Amino acid sequence: MAALSMNPKAEMVERFLDFAARGDVEKVTSMISNSSFLINKSGENGWTALMLAARNGHFDVVKTLLAKGCDTSPVNQSEQTAYDIARFWGHKHIATLLRRGQDGDPHHHVLPDVHADGENLYFNHEFLDRLSEKRTDSAWLTAKQTAPDTVFLLFYSLNPLVTSEPLKEDGRGHCSYQLSRLRRPAVEPLLGHPNTTLIFLGVEKPAGTCAPNTAMEGADDGLTAWFAVSTEEDPTELVTFPDAQCSFLQAPMPGLLKLSDNEAGVVAQARAVLAWHSRYSFCPTCGSGTRVDDGGHKRTCLREGCRSLRGIHNTCYPRVDPVAIMLVIHPEGNQCLLGRKKVFPAGMFSCLAGFIEPGETVEEGARREVWEESGVRVGSVRYVTSQPWPMPSSLMIGCHAVALTTAINVDQNEIEEARWFTRQQVIDASVKAKHAVFSLPPRQAIAHYLIKHWIGMQANL
Ligand code: ZN
Ligand code: MG
């Protein structure tokens, strides 16, 4: 009797699984291109190619299978997914790769896997140490206010005082301004004024160390303190300007985007806190007057027994408003969804964004905003990086998201137009090619970073 031979299809599956187990990327790739049905096939005990590659630590095979759309959800006879297997055998990098698929979205592989580093983003530099423990030390704060090297930044209607002549180009083709660093005598008349707000921003971080030396007692600690002084009334008569060339930088755009990275970080903090003071003069709970505490980082109701003085709530502290901002990637990974508001400069498209609502996760907020603004359904949402945006007090939470549907239905109240752009079109826009069909938001914006990150370009250049 002739030996039973396997049918050709089963034999092919067996060979395919064998290549995956042995880590032969080339063979695995060519077999899938010829016979795409192979990709999710399982053999003995329900082991798929992905599981075999995961068990044997073949990172490249796992990556290839995922890129080809391999399903990560099947389990073998021991109820293990490929992810469980990778973890069990200690292949951490493979487990990390596979975990992205654990939320059941088969399109996760279109997300870029470049490591995000948002530290270089505009507004993200922490040039000052906030030294929050000193906010309640009124003796120290008072002493610092009269110390000769203390820096005062002046804001008028939330616009910072800068040297008015734009500095030379910074090498990246951008003109920049410098904040005017005033001393006590220059702002003295303003400090006594009832409508002036003063906030303690922090101290300069000593070069080369991460934390200032606070071991020395009193105000003779050698630390240079920075304060922001703010008024809603024209301070020209009261303040001694360092020179006649000073002016108030017109906010929000584009002036505030033309500072050095260090000074942008200071303004991110100062402007958001000052904006809060300018709109929350009275107790939001009972309407009484308030007292400014904690070096300008708290307002306390003056009415005895006010509910705002009990319990946990945020009427006493500066507000931070979370915004989800996301680059939505096409299910096939080769296009991204961008939209434009009427107020944008001509030709500019950017990431969709919106405020997170109470009771919502970042992921749900991102999905809802994309749906409302563009009619596109989103599956996986992955956090990339964040950026404070002091216009006036947003925290931009940058994400990459994968679309589940592609038909666009724009909410005209929010945005004028939304479109899918191909990778090539995005690259053309990012290098400002002549034939580019749109322009990117400025490099200082997190949207710019998210878009560049997706196409795998150095994200902050
Ligand atoms: Zn009150
Ligand atoms: Mg919205």
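The values are calculated or read from the model by the stated rules, or taken from the named source; none is laboratory data. None of the values given here were measured: they were computed from a predicted structure. Reconstructed Cβ throughout: ideal geometry from the backbone, glycine too, with neighbour counts over all protein chains shown. The protein model used for the area step is the full one, side chains on, heavy atoms only, and it has no ligands, DNA or RNA in it. Shrake-Rupley method; radii C 1.70, N 1.55, O 1.52, S 1.80 Å.
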Dividing the helical contributions, -39500 (n - 2.57) per DSSP H run of n ≥ 4, by the residues of the chain yields a 222 nm value, nearest 500 deg cm²/dmol, of -8000 deg cm²/dmol
The distance between the Cα centres of the stretch 390-421 and the stretch 252-299, in whole Å, is 27
If one compares the long axis through the Cα atoms of helix 8-22 with the longest principal axis of the Cα atoms of the chain, the angle in degrees, nearest 10, works out at 40
Checked against a 19 Å limit on the C-alpha separation, the offending pairs among Lys41/Lys63; Lys27/Lys63; Lys68/Lys452; Lys342/Lys452 are Lys68/Lys452; Lys342/Lys452
Measuring from the longest principal axis of the C-alpha atoms of the chain, the long axis of helix 25-34 (C-alpha) lies at a number of degrees, nearest 10, equal to 70
Expected field for Glu364, accessible surface area in Å² at 1.4 Å probe radius, rounded to 10, holds 90
Karplus-derived 3J(HN,Hα) from phi for the stretch 76-89 (6.51 cos²θ - 1.76 cosθ + 1.60, θ = phi - 60°), whole Hz, x at Gly and Pro, runs 8, 5, 8, 6, 9, 7, 4, 5, 4, 5, 4, 5, 4, 8
Counting only DSSP beta bridges with both partners in the chain, the antiparallel fraction in percent, to the nearest 5, comes to 70
Taking 0.36 nm per residue of separation between Leu404 and Phe37 and subtracting their Cα-Cα distance, the length gained on full extension comes to 129.9 nm
Taking only protein heavy atoms and a 1.4 Å probe, the highest-to-lowest accessible-area order of Cys246, Cys306 is Cys246, Cys306
If amide H atoms are modeled at 1.01 Å from N in the peptide plane, then the residues at a separation of 5 or more from Val384, or on another chain, having amide H under 5 Å from its own are Gly398, Cys399, His400
In this structure, the FRET efficiency calculated for Arg181 and Asn334 from their beta-carbon separation, with R0 = 41 Å, to the nearest 0.05, is 0.25
Given Cβ charges of +1 for Lys and Arg and -1 for Asp and Glu, the option among Ser35, Thr96, Leu66 whose Cα lies farthest towards the positive end of the dipole of the stretch 2-102 is Thr96
Each label sits 7 Å from Cα toward the beta-carbon; between Glu11 and Thr285 the label points are separated, in nm, by 8.1
The simple spin-label model distance between Arg423 and Ala207, using points 7 Å out along Cα→Cβ, in nm, is 4.4
Ordering 283-289, 191-197 by per-residue average of other C-beta atoms within 10 angstrom, highest first, gives 283-289, 191-197
Residue-ordered couplings for the stretch 407-414, obtained by feeding phi - 60° into the Karplus form 6.51 cos²θ - 1.76 cosθ + 1.60 and rounding to whole Hz (Gly and Pro as x), are 5, 9, 9, 7, 7, 4, 5, 9
In whole angstrom, the spacing between the Cα centers of the stretch 18-83 and the stretch 143-162 equals 62
Applied in sequence order to the stretch 58-69, the curve 6.51 cos²θ - 1.76 cosθ + 1.60 (Karplus, θ = phi - 60°) yields integer Hz couplings, x standing for Gly and Pro, of 8, 4, 4, 5, 4, 4, 4, 4, 5, 4, 8, x
Any residue on another chain or 5+ positions along whose placed amide H is under 5 Å from the amide H of Lys298 is listed here as Asp293
Treating only Lys and Arg (+1) and Asp and Glu (-1) as charged, each at its beta carbon, one finds that the stretch 256-352 has a dipole about its Cα centre, in Debye to the nearest 20, of 440
If every Lys and Arg gets +1 and every Asp and Glu gets -1 at its Cβ, then about the Cα centre the stretch 344-458 yields a dipole, in debye to the nearest 20, of 680
Computed about the Cα centre, the charge dipole of the chain from +1 Lys/Arg and -1 Asp/Glu charges at the Cβ has a magnitude in debye, to the nearest 20, of 520
For 256-268, 69-81, ranked highest to lowest by mean beta-carbon neighbours within 10 Å, the order is 256-268, 69-81
Non-local residues with an amide H under 5 Å from the amide H of Gly375, with H modelled 1.01 Å from N and Pro and chain starts lacking one, are Asn409
